[in-house]
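Engineer: Below you'll find the structure I mean.
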Amino acid sequence: MRVEPEKDGRIALIQSDIWIGFPRAEQVLDRLQGLIEMPRQTRMPGLLVHGASGIGKTMIARNLSRRYAPEYDPKSGITRTPLLLLQAPPAPDERRFYMHILAAVGAPSSALSLRAQSVASLEVRVVGLLRDLGLRMIMIDEVHNLLAGTHREQRRFLNVLRYLSNELEASLVCFGVSEAVDAIRGDVQLARRLDEHHLPNWRDDAEFSDMIQTLIAAMPLAKKSNLKVNR
Ligand SMILES: Nc1ncnc2c1ncn2[C@@H]1O[C@H](COP(=O)(O)OP(=O)(O)O)[C@@H](O)[C@H]1O
Ligand SMILES: [Mg+2]
């Protein structure tokens, strides 16, 4: 068998998560971009993007976070971080969430001393740090992890999200499966600020056919694909 020199590279590329900009994903990105560029206000609007597992939520979140990567400003000596992408902790635990944020922004600290701090002082630290970063948007992926907690824990966690968004005048964006929608609505004030964007399951229609064609076109296949979509 003849091994083409670039074969491994092509296979790696096909297996990697290359972004395909199909319209329904671009629509969400456009909405998110509108939110992140919005002038600061006391009650920043946000978005709850929901849909089945595997529909492309995390890919959208990662794409936006690449577009708004931290930038070092040599004039002020400050690194601006417009967007923070976090995964909701496996259960709605405030302390864990704050520690997770501190780790995500690379705050120097020893885990031991953090653990000794009260939730209130962690909160002060997180808000101060995030404010210095010039944050404009907080994105929480896997927000359905919230459902692992009791009703009371869920409410407390949602409270934290609302508080952070208010304090920082940053837009809050949550991604999760549709089962999480009711839990988020549990916080009425938060629900009022979060618009919903549903990503429906794919159906065998023109949009799906286009997506498959785009996908195939983006793959560096050795031979032409004869995958046909009914249309
Ligand atoms: N825009 C996209 N471009 C390319 N591949 C995608 C895209 N959206 C989803 N996928 C594929 O579908 C898989 C599942 O997407 P993911 O974002 O993890 O779904 P979710 O977070 O909704 O469960 C990805 O690993 C990727 O292979
Ligand atoms: Mg995901």
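Taken together, the values in this text are just the output of simple stated rules run on the coordinates, not laboratory data. In this text, all values refer to a predicted model and were calculated from it rather than measured experimentally. No Cβ is skipped: glycine too gets one built from the backbone with ideal geometry, and neighbour counts run over all protein chains shown.
Engineer: With only Lys, Arg, Asp and Glu charged, each at its Cβ (+1 for the first two, -1 for the last two), find how big the charge dipole of region 49-159 is about the Cα centre; round to the nearest 20 debye.
Structural biologist: On the way: 15 positive and 9 negative charges, 22 e Å.
Result for region 49-159 is approximately 100 debye, rounded to the nearest 20.
Engineer: Obtain the nm distance between the two label points defined at Ser16 and Thr150 by a simple spin-label model: each point lies 7 Å from its Cα along the Cα-to-C-beta direction.
Structural biologist: With each label placed 7 Å out from Cα toward Cβ, I get 4.7 nm.
Engineer: Also, quick follow-up: Would you please give the FRET efficiency between Glu26 and Tyr163, computed as 1/(1 + (r/R0)^6) with r the Cβ-Cβ distance and R0 = 30 Å, to the nearest 0.05?
Structural biologist: Values: r = 32 Å, r/R0 = 1.06.
FRET efficiency, Glu26 to Tyr163: 0.40.
Engineer: What relative contact order, as a whole-number percentage, does region 72-227 give when Cα pairs under 8 Å and 6 or more residues apart are counted? Spell out each step's value before the answer.
Structural biologist: Working: 156 pairs, mean separation 37.9, N = 156.
Worked out over region 72-227, it gives 24 percent.
Engineer: Calculate for the chain the 222 nm mean residue ellipticity that helices alone would give, adding -39,500 (n - 2.57) per DSSP H run of length 4 or more and normalising by residue count, nearest 500 deg cm²/dmol.
Structural biologist: Details: 10 runs with 108 residues, N = 231.
Rounded to the nearest 500, it is -14000 deg cm²/dmol.
Engineer: Please turn the phi angles of region 175-192 into ³J(HN,Hα) values with the Karplus equation 6.51 cos²θ - 1.76 cosθ + 1.60 (θ = phi - 60°), one per residue in order, whole Hz, x for glycine and proline.
Structural biologist: My calculation for region 175-192 gives 10, x, 6, 4, 4, 7, 4, 5, 4, 5, 5, x, 9, 4, 5, 5, 4, 5 Hz in order.
Engineer: If you don't mind, there's one more thing I want to ask. To the nearest 10 degrees, how steep is helix 151-168 against the longest Cα principal axis of the chain, on a 0 to 90 scale?
Structural biologist: For helix 151-168, the angle is close to 90 degrees.
Engineer: To the nearest 10 degrees, how steep is helix 94-104 against the longest Cα principal axis of the chain, on a 0 to 90 scale?
Structural biologist: Here the helix axis deviates by roughly 60 degrees.
Engineer: Let me ask another. Taking H as built 1.01 Å from N, whose amide H comes closer than 5 Å to the amide H of Gln87, not counting residues under 5 places away?
Structural biologist: Correct list: Asp141.
Engineer: Percent relative contact order of region 1-135, based on C-alpha pairs within less than 8 angstrom and at least six residues apart?
Structural biologist: Working: 68 pairs, mean separation 24.5, N = 135.
Relative contact order comes out at 18 percent.
Engineer: Which cross-chain or sequence-distant (5 or more) residues have an amide H under 5 Å from the amide H of Ile78, H modelled 1.01 Å from N in plane?
Structural biologist: It is Asp73, by chain and number.
Engineer: Determine the gain in length on full extension of the stretch Ser118-Gln213; use 0.36 nm per residue of separation and subtract their C-alpha separation, reporting nm with one decimal.
Structural biologist: On the way: separation 95, 0.36 × 95 = 34.20 nm, distance 5.35 nm.
28.9 nm is the gain from fully extending Ser118 to Gln213.
Engineer: Follow-up question, since we're still on this one. Quick one: helix 206-218 against the long Cα principal axis of the chain, what's the angle to the nearest 10°, folded into 0 to 90?
Structural biologist: 80 degrees
Engineer: May I ask you to sort Met59, Met211, Met44, Met137 by Cβ crowding, counting other Cβ atoms within 10 Å and putting the fewest first?
Structural biologist: Working: Met59 14, Met211 18, Met44 21, Met137 26.
So the residues, fewest neighbours to most, are Met59, Met211, Met44, Met137.
Engineer: So, one more: Using a simple charge model, +1 on the beta-carbon of Lys and Arg, -1 on the beta-carbon of Asp and Glu, nothing else, what dipole does region 24-113 show about its Cα centre, in debye to the nearest 20?
Structural biologist: Numbers: 12 positive and 7 negative charges, 14 e Å.
In debye, rounded to 20, region 24-113 gives about 60.
Engineer: Could you tell me which GluC sites (Glu not before Pro) in region 23-103 are loop residues by DSSP with no more than 15 other beta carbons within 10 angstrom of their beta carbon? Can you show the working numbers first?
Structural biologist: Details: sites: Glu26, Glu37, Glu71, Glu94; in loops: Glu37.
Within region 23-103, the qualifying GluC sites (Glu not before Pro) (loop, at most 15 other Cβ atoms within 10 Å) are Glu37.
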